[in-house]
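Structure first, commentary second.
The values are calculated or read from the model by the stated rules, or taken from the named source; none is laboratory data. Quick caveat, the model's predicted, so the values are computed rather than measured. Here the Cβ positions follow ideal geometry from the backbone for every residue, glycine too, while neighbour counts run over all protein chains shown. Just so you know, the surface numbers come from the protein's heavy atoms only, side chains and all, with ligands and any DNA or RNA stripped out. Shrake-Rupley method; radii C 1.70, N 1.55, O 1.52, S 1.80 Å.
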Amino acid sequence: MSDPVPSVPPPTTGPAPLFPTRVASREAQDDLTGATRLWLRRLPAGRRPQRLCEQFPRVANRVAWCWADATIREQTLDDLLEDRRGGRQGFPAPVVRELQRLREFCAQQAPAVPGPPWWRAMVKAVRN
């Protein structure tokens, strides 16, 4: 009777893999991308997260990358502001305030919800 789990062949010392895993250098992760710089210029001056970009450029790049999709943007900001795993150090207070201002800006930019007043109230309650 054969074993139901296929065995893994032992590693070989042959040629390098066709598609080696590429890890970005730490320096590259600590720089703002061009897309992030463009995103910053498009934000109103009072909403630009300067401290986030200076202290956590990798996180700023992530927020900028998610910005075009409202659902992903809101989820990303929520994930950054809420500690769901517990015991996290969190961001410094000035960075938290910048993230909160970004979330408020998103809420202001959201299109009005059509429908009767009771429906708008329900949608607003769900969003908060």
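Below, the figures for the structure above:
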| read-out | value |
| --- | --- |
| Computed label-point distance, nm, for sites Asp30 and Arg85 using a 7 Å Cα→Cβ extension | 2.2 nm |
| Inter-probe distance in nm under a simple model that places probes 7 Å from Cα toward Cβ, at Glu54 and Arg42 | 2.5 nm |
| Order of exposure, largest accessible area first, which applies to Arg84, Arg97 with probe 1.4 Å | Arg84, Arg97 |
